[in-house]
Amino acid sequence: MKNTDIVFVVPSAIPLLQEESIGTLILAKKLILSGYNVQIVRFWEIEGFKNQYKSFRENLISRILATSAELVSFYCRCTDYHICIDIADGLKLHAPNVLISFGGPQAELVAKETLTYYPFIDYICCSEGENTIVPFMEFIAGGHSALEAKTIPGLTFRNEHGIIIQNELPELLCDNYARNFDYYDIIPESVVKNSYRTSIDVGRGCPFGCSFCSTKTFWKQKFRLRDIKDMVDEIERVVNNYGITTFDFDHDLFTVNKKRVIEFCHEIEKRNLKIKWFCSSRIDTIDTEMIDLMVQSGMVKILFGIETGSPRMQRIINKNLNLQNCSEIVTYCVNRGVKVLASFIYGLPDDTEDDFEQTFRMIVSMRYSGAKIMLWLCGILNGTALYNNYKEKLILQDENIKNRSFFGYQETVNAIVKDHIDIFPQFCDFHNDLRFKLRFFELFYSVWMIAVPKTFHYIANFFVDKNIRFLDLYYKFCRVNSDILSSAKYSDNNIFWGIQSSQIKTAIRKLVDELVTNESSPFTEKEISALNKLLALELKKIQ
């Protein structure tokens, strides 16, 4: 059997198609078509993943070594970068001659720094790899001399003197690009068989320049949409060959080009494809005509990044949305039967209480208009304007409750993260009083707007009528439940942060009691009675 030329290591967490790394699959299949022997190792395949980091690390290294590959390539995101570096370190200790390359968004953004800090990593492959992966493998197979390395676009490496060199980036794929191959045959059969939906490459790049977003840096704000016929051809093959009819469109902003979105919708209808699909959009790149056609062609879910309900903050983060238009578009989508995901960021550096109060009210309004709310504590990422402005103010806090939820963080923080926070800003914080006060906001949202939504709606309407700050409700929740919150442990997989149902009921009851029994309570006896009846019904449903 031919030796493995390259093994790709990807941080796929669940054995489902939508968790696959499309970029890695494209590169792997391109190499296979060029005659190379390729393997892909996924995190979820390795025993110990998610619960036993030390065991996972040892097992993953053993699995990689068993391939006897000359080159090991890691796909790197910011959330997994500490793991990729740690595994690469252990791999090099066991096999000093193995070549290690990093690729992916995080690796590109900190390529020179990574090679400076970690000598066991040999190469960083930057930018899109479709047109450079084969020349890179030819370079590896040909002896990988430093002289030849200078000819590979996008490659960051050490020359014969140990000096780090970063070659010019390759040209990005053009708009209307097409791909003449599929990659489903290199995905484990069980993954395909057990998936009812899949992600699909429909384009790349966002032309906007939000201050918190890193994609504008590695996509160079160059919007591309894949050739419509090529895109729909793949959808049709997946439907016919695998029976999968639900698609997540892999694109930061699908709806920039109205004409081509309409062309796509017509092509789907022309072929009579009965599919369901989801995309990401932006309020000011979509209108009711597009929404109607998108729904007719199968759109069932859409994501809008709104980020803040404050006009002032919209300008500061360079989002610049018309907030009135946000509400109108979201409501129109909901009324058309579309599941709307509305994304908001809290804890932004320049947020004031007045700014966040406006965001809070928009969150509540959209929640009760039928949108599902996604909340994100503002993270500082490499390649963003926020990072450039705040990199000198970043601090790594041991008590950060979110960091503790990242797999492998506790085991690698001292050896890898602590001394190089310039490439790990996503784990860092900055001094900001409001941000600190809002550290339990996601939990508050889950407890109230998910556990007892009707009760919260009643209180929210009352606060609006009486012009009382929503933020004060959150502060009261934190004050009367300080004992419960002290034991809360953030988790991406548990919206209630590990708090037991009995504690949730207690937390809700304590806040309501605070609202209605206080001498300065704005509620009348009749309103208190109605509130308690509604609350009693919802508390019974909490198991």
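The values are calculated or read from the model by the stated rules, or taken from the named source; none is laboratory data. Being a predicted model, the structure only gives us computed values, none of them experimental. Counting neighbours? That spans all protein chains shown, and the Cβs are built from the backbone with ideal geometry, glycine included.
Can you tell me which residue in segment 21-45 is nearest to Ile244 (Cα to Cα), limited to those that are in a helix (DSSP H, G or I), among the hydrophobic types (A, V, I, L, M, F, W, C) and within 26 Å of the chain's Cα centre (by Cα)? Result: Ile22.
Entry remark, segment 415-456: residues being over 23 Å from Leu381 (Cβ atoms) and not in a helix (DSSP H, G or I) number 1 in total.
One line per residue, one yes/no per condition, for (1) closer than 19 Å to Asp350 by Cα; (2) surrounded by fewer than 21 Cβ atoms within 10 Å (Cβ to Cβ); (3) touching a residue at least 40 places away in the same chain (Cβ under 8 Å); (4) not hydrophobic (A, V, I, L, M, F, W, C):
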site: Leu434; (1), (2), (3), (4): yes, yes, yes, no
site: Leu443; (1), (2), (3), (4): no, no, yes, no
site: Met449; (1), (2), (3), (4): no, yes, yes, no
site: Thr455; (1), (2), (3), (4): no, no, yes, yes
site: Ile468; (1), (2), (3), (4): no, yes, yes, no
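Counting the residues of segment 450-496 that are among the aliphatic types (A, V, I, L, M) and in contact with an Asp or Glu (Cβ under 9 Å, 6 or more places away or on another chain) gives 5. For segment 11-20, check the following and say yes or no: at least one residue is in contact (Cβ under 8 Å) with a residue 12 or more places away in the chain, out of contact with any Leu (no Cβ under 8 Å at 6 or more places or on another chain), assigned to a strand (DSSP E or B) and assigned by TED's automatic domain parsing to the domain that holds Gln106. No, there is no match, as no residue in segment 11-20 is in contact (Cβ under 8 Å) with a residue 12 or more places away in the chain, out of contact with any Leu (no Cβ under 8 Å at 6 or more places or on another chain), assigned to a strand (DSSP E or B) and assigned by TED's automatic domain parsing to the domain that holds Gln106. I'd like to check something: does segment 70-89 contain any residue that is more than 27 Å from the chain's Cα centre (by Cα), crowded, with 17+ Cβ neighbours inside 10 Å, touching a residue at least 24 places away in the same chain (Cβ under 8 Å) and under 17 Å from Gly129 (Cβ atoms)? Within segment 70-89, one or more residues are more than 27 Å from the chain's Cα centre (by Cα), crowded, with 17+ Cβ neighbours inside 10 Å, touching a residue at least 24 places away in the same chain (Cβ under 8 Å) and under 17 Å from Gly129 (Cβ atoms).
Here's the yes/no breakdown for (1) touching a Ser or Thr at 6+ places or on another chain (Cβ under 7 Å); (2) surrounded by fewer than 18 Cβ atoms within 10 Å (Cβ to Cβ); (3) at pLDDT below 95:
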{"position": "Ile6", "(1), (2), (3)": "yes, no, no"}
{"position": "Val10", "(1), (2), (3)": "yes, no, no"}
{"position": "Lys30", "(1), (2), (3)": "no, no, no"}
{"position": "Leu33", "(1), (2), (3)": "no, yes, no"}
{"position": "Trp44", "(1), (2), (3)": "yes, yes, no"}
{"position": "Lys50", "(1), (2), (3)": "no, yes, yes"}
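Close Cβ contacts (under 6 Å, 6 or more residues apart or on different chains) running from residues in segment 247-264 that are free of Cβ contacts under 8 Å to residues at least 60 places away in the same chain to residues that are β-branched (Val, Ile, Thr) and part of a strand (DSSP E or B) comprise Phe247/Ile200.
If I filter segment 99-151 down to residues being of a type in the set (Phe, Trp, Tyr) and within 29 Å of the chain's Cα centre (by Cα), which single residue comes out as farthest from Ile163 (Cα to Cα)? If we take residues in segment 99-151 being of a type in the set (Phe, Trp, Tyr) and within 29 Å of the chain's Cα centre (by Cα), then Phe136 is farthest from Ile163 (Cα to Cα).
Just checking, which of Ser62, Ser55 is in a helix (DSSP H, G or I), farther than 23 Å from Tyr123 by Cα and free of Cβ contacts under 8 Å to residues at least 24 places away in the same chain? Going through Ser62, Ser55 in turn, just one is in a helix (DSSP H, G or I), farther than 23 Å from Tyr123 by Cα and free of Cβ contacts under 8 Å to residues at least 24 places away in the same chain: Ser55.
Listed by position, the helices (runs of 4 or more DSSP H) inside segment 457-543 whose residues that are among the acidic types (Asp, Glu) number at least 2 are 501-517, 525-541. Among the residues of segment 129-157, those identified as out of contact with any helix residue (DSSP H, G or I) (no Cβ under 7 Å at 6 or more places or on another chain), outside any helix (DSSP H, G or I), surrounded by fewer than 15 Cβ atoms within 10 Å (Cβ to Cβ) and of a type outside the set (Lys, Arg) are Gly143, Ser145, Thr151. For Thr455, the conditions (1) closer than 25 Å to Ser521 by Cβ; (2) modelled with pLDDT of 95 or more; (3) not assigned by TED's automatic domain parsing to the domain that holds Asn518 are fulfilled apart from (2). Consider segment 212-253 and keep the residues that are of a type in the set (Ser, Thr, Tyr) and not in a helix (DSSP H, G or I). The one that is farthest from Ile316 (Cα to Cα) is Thr245.
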